[in-house]
Amino acid sequence: MSLEACDCHPLSLTRSIADFPIANCPLVRHQRSVIGAADLTSHPHAWLDRDDVADFLTSGQTTLIDARRAALAWRGAEPDSASVFAARASFLIRYPWDLLRANEQVVSLLTENIIEGEIHSSVVIEGVIHLGPGTRILPGVYIEGNVAIGAHCKIGPNCYIRGNTSIGDACHIGQSVEIKNSLILSKSHVGHLSYVGDSVLGEQVNFGAGTTTSNYRHDGRNHHSMVNGVLIDTGRRKLGAIVGDGVHTGINTSIYPGRKLWPDTSTRPGDIVQRDLVF
């Protein structure tokens, strides 16, 4: 049973997916926390659900597979297609939008506030928040749903942040920005009057003021994305932008749904990104 190849470009051009932070914790650490002391090998791109692994360990089978029969974890030297246990919530991260799915699972299950930063008295939080040290949430911010925010960030004023969003360290989310169900890595800045929905932003991204990610087709169908010359059904009706490290957008940039921007690319003021922006 061979391991399935994955293509998470542009996010995997500058880091391994095993090191990609999901809810501010690298994927490999999520795997280790779920597997624990069990003698298992896992695919480096596997998203593992704790209950799935527990049931697999008592099943007597040797290989945990996802809905598409990709090997996620196994006993022994290699996966065995003759002895499989089907996961319910675990899956292989094949494409960049699968990182959103993993992030949704983690953040949606937060149950207890962890607040190490500073929250202004006028902030409204209707959900669970994990807030890192040195982070300031300024007046007028409204947080709806579960959110994870790293250390030394500045959020607001007057932002609307919706679950299930995670924001890394040293990020700035500016005046009147809306963030919805997105994954934003460290040292990224989203300028005032911008909208980021169902998107993944790499490190050191700078969105100029008024940058908007579209995330919904007029016909309501699933978004498709070009991967190695093949148009792939993402399985998602809501999908914004997939943005590599170091991308800069000019003010009032508009990005079509599901478009990917390669690391260190840029747009000019008023640009409309209709196709993937590659090297």
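For G246, which of the numbered conditions (1) touching a strand residue (DSSP E or B) at 6+ places or on another chain (Cβ under 8 Å); (2) more than 21 Å from Q175 (Cβ to Cβ); (3) of a type in the set (G, A, S) fails to hold?
Of (1) touching a strand residue (DSSP E or B) at 6+ places or on another chain (Cβ under 8 Å); (2) more than 21 Å from Q175 (Cβ to Cβ); (3) of a type in the set (G, A, S), only one is false for G246: (1).
Quick check on this structure: which one of I143, I155, I149 is within 26 Å of I17 (Cβ to Cβ), assigned by TED's automatic domain parsing to the domain that holds Y195 and buried (at least 19 other Cβ atoms within 10 Å of the Cβ)?
I149
Could you tell me which numbered condition A148 fails, if it satisfies all but one of (1) touching a helix residue (DSSP H, G or I) at 6+ places or on another chain (Cβ under 8 Å); (2) in a loop (DSSP other than H, G, I, E, B); (3) aliphatic (A, V, I, L, M)?
The failed condition is (2).
Being among the hydroxyl-bearing types (S, T, Y) and surrounded by fewer than 20 Cβ atoms within 10 Å (Cβ to Cβ) is the filter; apply it to segment 63-89 and report the residue that is modelled with the highest pLDDT.
The selected residue is S83.
Looking at segment 138-157, is at least one residue in contact with a Cys (Cβ under 7 Å, 6 or more places away or on another chain) and of a type in the set (A, V, I, L, M)?
Checked segment 138-157: at least one residue is in contact with a Cys (Cβ under 7 Å, 6 or more places away or on another chain) and of a type in the set (A, V, I, L, M).
Looking only at segment 216-238, decide whether some residue is under 23 Å from S176 (Cβ atoms) and either among the hydroxyl-bearing types (S, T, Y) or in contact with a helix residue (DSSP H, G or I) (Cβ under 7 Å, 6 or more places away or on another chain) (or both).
Within segment 216-238, one or more residues are under 23 Å from S176 (Cβ atoms) and either among the hydroxyl-bearing types (S, T, Y) or in contact with a helix residue (DSSP H, G or I) (Cβ under 7 Å, 6 or more places away or on another chain) (or both).
Can you say whether Y256 is crowded, with 19+ Cβ neighbours inside 10 Å and aromatic (F, W, Y), as far as the supplied structure shows?
Judged against the criteria, Y256 is not a match.
Condition test on T135, is it among the hydroxyl-bearing types (S, T, Y), crowded, with 18+ Cβ neighbours inside 10 Å and more than 26 Å from Y256 (Cβ to Cβ)?
Yes; evaluated as a whole, the condition is true for this residue.
The values are calculated or read from the model by the stated rules, or taken from the named source; none is laboratory data. Please read all numbers here as calculations on a predicted model, not as lab measurements. Note that we place each Cβ from the backbone using ideal geometry, even for glycine, and neighbour counts take in every protein chain shown.
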